[in-house]
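The values are calculated or read from the model by the stated rules, or taken from the named source; none is laboratory data. Predicted, not measured: the structure shown is a model, and the values here were computed from it. Here the Cβ positions follow ideal geometry from the backbone for every residue, glycine too, while neighbour counts run over all protein chains shown.
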Amino acid sequence: MTLPACPPHDPAKPRPVLPPALPGPLPPLASEAQLQALEGDLLAAGLAPLRQPQDLARGSADAFVYSPVLTPLLEGCRAQMLVRVQTVDGVLRVAAACGRHGVSLTLRGAATGNYGQCVPLAGGLVLDLTGLKRLRDLDGDTGVVTAEAGILLEDLDQQLHAQGRALRLVPSTYRSASLGGFIAGGSGGIGSLRWGFLRDPGHLLGLELVTLEPQPRLLALDATAARAINHAYGCNGIITSLSLATTEAVAWRQLVIGFSSWDGALAAAQQLPASALLLNGLCLLEAPVAAQLPWPTTCPPAPGQEHRLLLLAAPGAVAPIEAWLKELGGEILWQAPQGASRGVPLRELCWNHTTLHLRARDPGWTYLQLLLPQPEAPCLEALKATWGDALLWHLEAVRSGGSQRLVALPLVRWQGAGALERLIDQSRQLGAVLFNPHAITVEEGGLGGVDAEQVAAKAAYDPAGLLNPGKLRGWLERQAGAAVQALA
Ligand SMILES: Cc1cc2nc3c(=O)[nH]c(=O)nc-3n(C[C@H](O)[C@H](O)[C@H](O)COP(=O)(O)OP(=O)(O)OC[C@H]3O[C@@H](n4cnc5c(N)ncnc54)[C@H](O)[C@@H]3O)c2cc1C
């Protein structure tokens, strides 16, 4: 175990951002006797638990390497056993065995998370849920879809398209990520310009949940009760299926627009989302970022001085966009229907795929996630003036709190934790809101503070605290508080 156990946070002092600190001790690793008892139960349930070191290494990592802060903390963390299930009954059997033998359980979808969300901090069992992949129901009247948690987003979306419907929000990992992992560990992505973020009311309309107890319960939660499970990293229940609102399917067109002027490109990124044009994604890349991306096969490569705006637009929006762009100094360089182009689609050049491509060329890049203040330009300019070429702009348009906003996922040259901390401090002073991708807990990674509903749900559905230990700060603080009271 490489993680430091830290004393409880003193609320009178500002919380440190880096390095990530855990407020309480983690449970011990499972003993050999516990593991053997667990293995026996899993075999009796017809499952195939794995204990070989190469299986455990494969089943213990996600995409945390994007963070040089998290990498040294997480790369040594290992599950003690790994198992995959295909059915809800299998999940119930696994939960019962862990509950009976007191072994911690960490859930795993496609393991594309960036913050080590599915990395087991305290050993125990890792449960792979990608075998649960049925679309159970699509309501023809309401468009509400109910599907199992392990289904891949692309598979689900293709089945919806056959019925004229589509997922509202998908991550740029659309082709590889699971539905349950997106709800439990993701936040938004393509579609966020129209539909905001996954935790906005109206997206998640209910879910089926298995509790972690010696006699687990299979619960059906409505939208209100499901809120506490949304973006909780699988710390407070095992999701087996989810009901989500969908939208009408649109044959989006991919557009690449070139700008010689950054101010013109920024103006387009501000104005287009506020128009009546139907858009599903808008990504703005500063010239040095654009120059390093693998563009679709027939799209001209980016010369070093050209900023690029990537749009997913409804077919009827293309002509008005073209006319409008001329006023802003932009030119459509390439366009193709989504799903019909060769090479990398625009969906895989935006959101954190931008970071992926730059890191593939130079792993010295990392990134941040900032909701920019309005107007955006003074903040962008002040940060650029301080950090120069060590900070490259990548912006995405989103709807946040009902308003059109821009978020930045800037590429940040890694110069050590101190420099990153200074950049974060300066961004906050300039009015940006940080969603820290260099943090381990649910709270530091996005929510900002403890969500009492999430903690209450953990007490109700995982009373022994066995699910994904160490990731829910509110629970750790509650445990630390209870321990202090017991001593008093
Ligand atoms: C290149 C790249 C681009 C990305 N782009 C985006 C993006 O645009 N938007 C975005 O939001 N994210 C993005 N991500 C992060 C990640 O890909 C998504 O959040 C993805 O949806 C996670 O799904 P997964 O199946 O891989 O989940 P995992 O990584 O397997 O799990 C994520 C979390 O969910 C929990 N979990 C998994 N299944 C269940 C379940 N059934 N019940 C309860 N808890 C569960 C896990 O324990 C873990 O805490 C990106 C990552 C990379 C590497």
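Can you say whether CYS350 is hydrophobic (A, V, I, L, M, F, W, C) and over 15 Å from the mean Cα position of the chain (by Cα), as far as the supplied structure shows? Steps first, answer last, please.
Numbers: hydrophobic (A, V, I, L, M, F, W, C): yes; over 15 Å from the mean Cα position of the chain (by Cα): no.
Considered against the rule, which asks whether it is hydrophobic (A, V, I, L, M, F, W, C) and over 15 Å from the mean Cα position of the chain (by Cα), CYS350 comes out as no.
Please pick out the residue among VAL250, VAL210 that is within 9 Å of the ligand (Cβ to nearest atom), among the β-branched types (Val, Ile, Thr) and modelled with pLDDT of 95 or more.
From the options VAL250, VAL210, the qualifying one is VAL210.
Conditions (1) without any contact (Cβ under 8 Å) to a residue 12 or more places away in the chain; (2) away from the ligand (no atom under 11 Å from the Cβ); (3) out of contact with any helix residue (DSSP H, G or I) (no Cβ under 9 Å at 6 or more places or on another chain); (4) farther than 23 Å from SER31 by Cβ, marked per residue:
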{"position": "MET81", "(1), (2), (3), (4)": "no, yes, no, no"}
{"position": "VAL103", "(1), (2), (3), (4)": "no, yes, no, no"}
{"position": "ALA111", "(1), (2), (3), (4)": "no, no, no, yes"}
{"position": "VAL119", "(1), (2), (3), (4)": "no, no, no, no"}
{"position": "ALA149", "(1), (2), (3), (4)": "no, no, no, yes"}
Within the stretch 394-408, count every residue that is surrounded by fewer than 22 Cβ atoms within 10 Å (Cβ to Cβ) and farther than 12 Å from SER192 by Cβ. 3
If a residue counts only when it is aliphatic (A, V, I, L, M), which strands (runs of 3 or more DSSP E) contained entirely in the stretch 163-272 have at least 2 such residues? 165-167, 204-210, 218-222, 238-244, 253-259
The condition of being within 30 Å of SER275 (Cβ to Cβ), within 8 Å of the ligand (Cβ to nearest atom) and among the small types (Gly, Ala, Ser) holds, among GLY189, GLY234, only for GLY189
Restricted to the stretch 119-149 and to residues being among the β-branched types (Val, Ile, Thr) and over 15 Å from VAL88 (Cβ atoms), the residue nearest to the chain's Cα centre (by Cα) is VAL119
Within the stretch 85-113, count every residue that is closer than 19 Å to ALA177 by Cα and touching a Ser or Thr at 6+ places or on another chain (Cβ under 7 Å). 3
Wholly inside the stretch 384-488, strands (runs of 3 or more DSSP E) that include 3 or more residues that are modelled with pLDDT of 95 or more and not basic (Lys, Arg) are 394-400, 403-408
Is it the case, given these coordinates, that GLY90 is assigned to a helix (DSSP H, G or I), away from the ligand (no atom under 11 Å from the Cβ) and small (Gly, Ala, Ser)? yes
